[in-house]
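Let me begin by presenting the structure, written as structure tokens, before commenting on it.
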């Protein structure tokens, strides 16, 4: 009789443990089902976020490749990648509205001769040569189709298609401003001339000979 009771008790405990395990499995299954449902509900948002990240990465790569040093300069000024990239895109959209075109062969030859003449002038009158170089650069910009006006806007517009030399333009302009206040040296003026030349050649899409007269 005791043995039968023991077997009955063991069977009861086994059934109870089995029921508990089945109940646990059921709860786990319900939780899993809820988790899966939640993931399925979030899937469109996850996909959208993934596409957004991919678009942002592609935008960053394109702008970095196009603007080069100007990209890093914009990041430094804005201290926010999103704001900096939006600003660079605004530059692109503005310049895209201009009728930018290459120079005719005769214009290129004429401007090249003009530049050589200004370089030769540097020996006798560095200040005048630098001022004339600035004017000549602006003349070429106009001929290419840029709406020349305020210096900062000029530099911003040039940064779209000439990002690797526009900083030379800023350097030359800064030196020219100092020279207007009698704060420049011959060495500074030489640096300005060389800096203007870098942009000038980029605008012409050709180099100009370096006459011996232009020296420190």
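Going by the structure shown, is residue 124 assigned by TED's automatic domain parsing to the domain that holds residue 177 and assigned to a loop (DSSP other than H, G, I, E, B)? It would help to see each step written out before you state the result.
Details: assigned by TED's automatic domain parsing to the domain that holds residue 177: yes; assigned to a loop (DSSP other than H, G, I, E, B): yes.
The answer is yes for residue 124.
Quick one: residue 111 ticks every box in (1) closer than 19 Å to residue 204 by Cα; (2) free of Cβ contacts under 8 Å to residues at least 24 places away in the same chain; (3) touching a helix residue (DSSP H, G or I) at 6+ places or on another chain (Cβ under 6 Å) except a single one, so which number is it?
(2)
Hey, among 130, 148, which residue is at pLDDT 90 or above, in contact with a helix residue (DSSP H, G or I) (Cβ under 6 Å, 6 or more places away or on another chain) and within 19 Å of residue 100 (Cβ to Cβ)? Step through it out loud before you land on a result.
Working: 130 fails: within 19 Å of residue 100 (Cβ to Cβ).
That would be 148, the only listed residue that is at pLDDT 90 or above, in contact with a helix residue (DSSP H, G or I) (Cβ under 6 Å, 6 or more places away or on another chain) and within 19 Å of residue 100 (Cβ to Cβ).
For residue 110, state whether it is surrounded by 16 or more Cβ atoms within 10 Å (Cβ to Cβ) and at pLDDT 90 or above.
Details: surrounded by 16 or more Cβ atoms within 10 Å (Cβ to Cβ): no; at pLDDT 90 or above: yes.
Taking the combined requirement at face value, the residue does not satisfy it.
Considering only residues that are within 31 Å of the chain's Cα centre (by Cα) and assigned to a helix (DSSP H, G or I), which ones fall in the stretch 89-110?
We begin by selecting, within the stretch 89-110, every residue within 31 Å of the chain's Cα centre (by Cα); these are 89-104, 108.
Scanning the stretch 89-110 gives 89, 90, 91, 92, 93, 94, 95, 96, 108.
The values are calculated or read from the model by the stated rules, or taken from the named source; none is laboratory data. It should be emphasised that the depicted structure is a prediction, and the values quoted were computed from it without experimental measurement. FYI the Cβ positions are ideal-geometry reconstructions off the backbone, even for glycines, and counts take in every protein chain you see.
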